[in-house]
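Contents: one structure, followed by commentary.
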Amino acid sequence: MPEFGKEVAIIGAGIVGASAALYLKRAGLNVTVIDPLPPGTATSFGNAGMVRHDCNVPVAIPGMLRQVPGWLTDPLGPLVLRPHYALKAAPWLLRWIRAGRMDIVNRAADALLNLHKGNLGCYRDLVGGPTFEALIREVGGIQVWESDAVGTSDRITAEINERQGVVTEPLARSDLERLLPGISNIAKRGLLYPHNAHTINPHRLVMAIADRVRLAGGVFEAERVLKIIPRDSAGYTLMTNTANRKADAVIIAAGAWSNRLLKPLGAELPLETERGYHLMIPSPSIELPMPVQMKNRGFALSPMEHGLRLAGTVEIAGLEAPPDERRSEILLTHARALFPDLKGGEPTSWMGFRPSLPDSVPAIGEVRGHRSLFVATGHGHTGMIGGGSTGRLIAELVTANRTHIDPAPYSPSRF
């Protein structure tokens, strides 16, 4: 049992916060999760549903960095930098570019694989076998390219996969036609990750974990934390929009909003918001056997229980700018370029805020200079992929138990 006491407050009710809450309840602690929104209804709601345990390559790698100027000038490209936000984003973007050095890339790849390789097991443990089988499909995933040419980023990814023992199978055009009937001839080649998995409803997965937290005696409070105040003795007072709450330990799992609580404490992270969009198509005319990522266009098509989800793109515009509905419409343009026969019911659009650190490795651990204040944020594109294992790791750190993986690569003190 930890020395600080038994009252733990978790700020954020997404996949990370809910997973941490259940692991901490199982450790015998009193847990309160604080979020103005219901569990799983913010960033965890609208992602592509990937829970692949072999997700191992950071975003910033040399070949990809060389493509950025072209993406920024292409109105259909996967990356947008809003002009009004460019100056504010510049320091983060420079750190992101520096993170593309191969020594940093290789360290990040090892950290990502170690965090993600046990994630499916964590989800099975968190929700139980029957719910796991109902919500998660271990059927693989496919990446496709519009060119036969193998670029630098593809070569680096292949080298990392080989070094780490990640299993992939190259797919020729004939293989794509066999696995994905109706795929257009713009797809020239592909790569199968046979051991990938996805959830058919990310929101329901978070809700299943949250339900178990409640059954174990955990509490969810619909409040917004405005400030974290260290107490003179030990622990913290959380000033919310409706009350002051005391906790012996605090975990900030507030995603892209985490810095609003860390900055007043002098513990700000180099965290930026990669806004992502999805378009949900009910009753689609095509049936995909597994998720398909179109690598050069930066989006994925994921089969869900309630339709086909088109998800992706990156928009650097901060937390306040309104959504750009054109980004969702572009997803449909790309999807129909890949599957010309795609039709369906009236689509619905969504935008969420990915919390991203320059090296793509989340910050998980105790905040330097603030005893019993922890963070679990900065997952970027891999929140669902690493949410369960992050919850387990942060719970192990809070309870001072032996950790199932080395926590050092994720320490917020590395910045």
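Bear in mind that the values in this text are calculations on the coordinates, not laboratory data. Treat the numbers as computed from the prediction; the structure is a model and nothing was measured. Heads up, the Cβs are rebuilt from the backbone with ideal geometry, glycines too, and the neighbour counts pull from every protein chain shown.
Each of 315, 366, 162 was scored by other Cβ atoms within 10 Å of its Cβ. Arranged with the fewest first, they read 162, 366, 315.
With each label modelled as a point 7 angstrom along the Cα→C-beta vector, the residue 158-residue 215 pair spans 4.7 nm. Ordered from longest to shortest, the equivalent ellipsoid semi-axes for the stretch 1-54 are 25, 15, 7 Å, each the square root of 5 times a Cα gyration tensor eigenvalue.
Name the helices (complete DSSP H segments) of the chain with a Cα length along the long axis of 27 Å or more and a Kyte-Doolittle mean of at least -0.5, or state none. Could you put the intermediate results ahead of the total?
Values: long enough: none.
For the chain, where a helix must reach 27 Å along its axis and average at least -0.5, there are no hits.
Along the charge dipole of the stretch 122-208, pointing to its positive end and built from +1/-1 on Cβ of Lys, Arg, Asp and Glu, which listed residue (174, 150, 198) has its Cα farthest out? Of the options given, the answer is 198. Calculated mean residue ellipticity at 222 nm for the chain: -9500 deg cm²/dmol, from DSSP H runs with n ≥ 4 weighted as -39500 (n - 2.57), summed, divided by the residue count and rounded to 500.
Rg and Dmax, both from the Cα atoms of the stretch 1-138 and both in Å, are 19.3, 55.
Need the full-extension length gain, residue 320 to residue 237, defined as separation in residues times 0.36 nm minus the C-alpha distance. One decimal, nm.
Working: separation 83, 0.36 × 83 = 29.88 nm, distance 2.73 nm.
Additional length available on full extension: 27.2 nm.
Peptides 230-242, 51-63, ordered by how many other C-beta atoms sit within 10 Å of their residues on average, highest first, read 51-63, 230-242. For the chain, the residue among 59, 284, 374 whose Cα projects farthest onto the positive side of the dipole built from Cβ charges is 374. Straight-line reach from residue 25: taking Cα to Cα under 22 Å and skipping same-chain neighbours fewer than 8 places apart, the lysines in range are 6, 246.
Could you work out Rg/(2.2 N^0.38 Å) for the stretch 151-289, with Rg from alpha carbons only? Intermediate results must be reported in sequence, preceding the final value.
Details: Rg = 23.1 Å, N = 139, 2.2 N^0.38 = 14.3 Å.
In units of the 2.2 N^0.38 Å rule of thumb, it is 1.61.
Both numbers refer to the Cα atoms of the stretch 271-332; Rg and Dmax are 12.7, 39 Å.
The charge dipole of the stretch 163-302, taken about its Cα centre with unit charges on the Cβ of Lys, Arg, Asp and Glu (plus for the first two, minus for the last two), comes to roughly 180 debye.
Let's test the formula: R0 of 30 Å, r as the Cβ-Cβ distance of residue 296 and residue 37. What FRET efficiency results, to the nearest 0.05? Walk me through the numbers on the way to the answer.
Values: r = 34 Å, r/R0 = 1.14.
For residue 296 and residue 37, the calculated efficiency is 0.30.
If the viscosity is 1.002 mPa s and the temperature 20 °C, what translational diffusion coefficient in µm²/s does Stokes-Einstein give for the stretch 321-407 when Rh comes from Kirkwood over Cα pairs? Translational diffusion coefficient: 132 µm²/s. With R₀ set to 25 Å, the beta-carbon distance separating residue 147 from residue 103 gives a calculated FRET efficiency near 0.30. Near residue 274, once Lys and Arg are set to +1 and Asp and Glu to -1 for all other residues with Cβ below 10 Å from its Cβ, the sum equals 0. At the listed q of 0.07 Å⁻¹, the Debye profile of the chain, built from one uniform point per Cα, gives log10 I(q)/I(0) equal to -0.31. Checking every one of the trypsin sites (Lys or Arg not before Pro) in the stretch 76-183 against DSSP loop status and a limit of 14 other Cβ atoms within 10 Å picks out 101. When each of 286, 385 is scored by the number of other beta-carbon atoms lying within 10 Å, the sequence from fewest to most is 286, 385.
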